[in-house]
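In what follows, a structure is listed as structure tokens, so that the remarks can point back to it.
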Amino acid sequence: MTEYTLSIIKPDAVKRNLIGKINSILETNNFKIVAQKMLLLSSVDAETFYGVHKEKPFFIDLCKYMTSGPIVVQVLKSNDAVKKYREIMGATNPQNADENTIRKLFGKSVEENSVHGSDSNENAETEINFFFSSREILD
Ligand code: CMP
């Protein structure tokens with residue numbers, strides 16, 4: 001079934017000029033990038049976006065890291081987009097990620113893991129609406 005998921009190219013990957021390489025992997029895997037923009041998250045944005053993790057010991061560092069430089073946010077469209085993107089991203093910790101996944105290829109640590117992808121269709125909708133208005137999604 002056609003689905004949408006939210007992708008973030010994180011500060012570590014933007015800083016290392018990996019936007020093009022990551023987009024190439026997405027397009028090679030038949031994702032259509034139907035929305036994309038670069039922005040710098042405010043602290044409030046990061047704390048809100050990652051609100052589900054606010055009790056976790058890594059929350060403050062995560063928010064600090066996600067506001068440390070520009071990110072690229074994207075809406076990806078494909079069959080089974082949520083599950084498929086999670087497979088292509090690889091495990092949260094790049095050390096545990098399968099070969100040729102984005103995080104294995106480019107991730108440096110569990111924090112600097114290069115990309116984020118929604119973990120369910122429900123969260124995909126919430127996360128897409130957090131960053132994009134309907135007129136920015138050119139489907
Ligand atoms: P992401 O998919 O963006 O969702 C939450 C993020 O928290 C996760 O990727 C990791 O980059 C980050 N994170 C930082 N430290 C940890 C940790 N110890 N365990 C899990 N996630 C972590």
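Odds and ends about this structure:
- Yes/no for Asp119 being touching a strand residue (DSSP E or B) at 6+ places or on another chain (Cβ under 6 Å) and part of a loop (DSSP other than H, G, I, E, B): no
- Flag for Ala91 being free of Cβ contacts under 8 Å to residues at least 12 places away in the same chain and touching a helix residue (DSSP H, G or I) at 6+ places or on another chain (Cβ under 8 Å): no
- Residue in segment 124-137 that is in a helix (DSSP H, G or I), of a type in the set (Val, Ile, Thr) and closer than 23 Å to Leu18 by Cα present: yes
- Residue in segment 46-68 that is crowded, with 16+ Cβ neighbours inside 10 Å, closer than 14 Å to Glu127 by Cα and in contact with a Ser or Thr (Cβ under 8 Å, 6 or more places away or on another chain) present: yes
- Residue check for Arg103: buried (at least 22 other Cβ atoms within 10 Å of the Cβ), within 14 Å of the ligand (Cβ to nearest atom) and either modelled with pLDDT of 95 or more or not in a helix (DSSP H, G or I) (or both): yes
- Residue list for segment 83-96, filter: crowded, with 21+ Cβ neighbours inside 10 Å and under 16 Å from Ile33 (Cα atoms): Tyr85, Ile88, Met89
- Segment 69-82 - residue that is under 14 Å from the mean Cα position of the chain (by Cα) and away from the ligand (no atom under 13 Å from the Cβ) and, of those, surrounded by the fewest Cβ atoms within 10 Å (Cβ to Cβ): Pro70
- Residue count for segment 13-39, restricted to those that are touching a Pro at 6+ places or on another chain (Cβ under 9 Å) and of a type in the set (Lys, Arg): 1.
- Filtering segment 114-129 to residues that are closer than 18 Å to Val72 by Cα and either touching a Ser or Thr at 6+ places or on another chain (Cβ under 6 Å) or more than 13 Å from the ligand (Cβ to nearest atom) (or both) leaves Gly117, Ser118, Ala124, Glu125, Thr126, Glu127, Ile128, Asn129.
- Matching residues, segment 106-122, being surrounded by fewer than 20 Cβ atoms within 10 Å (Cβ to Cβ), touching a residue at least 60 places away in the same chain (Cβ under 8 Å) and either closer than 22 Å to Leu41 by Cβ or among the hydrophobic types (A, V, I, L, M, F, W, C) (or both): Lys108, Glu112
- Selection status of Val110, within 13 Å of the ligand (Cβ to nearest atom), farther than 21 Å from Tyr4 by Cβ and of a type in the set (A, V, I, L, M): yes
- Residues of segment 10-63 that turn out to be outside any helix (DSSP H, G or I), within 11 Å of the ligand (Cβ to nearest atom) and touching a residue at least 40 places away in the same chain (Cβ under 8 Å), as a count: 2
The values are calculated or read from the model by the stated rules, or taken from the named source; none is laboratory data. In this text the structure is predicted, and so the values were computed from the model without any measurement. Methodologically, a virtual Cβ is constructed for each residue, glycine included, from the backbone with ideal geometry; neighbour enumeration extends over all protein chains shown.
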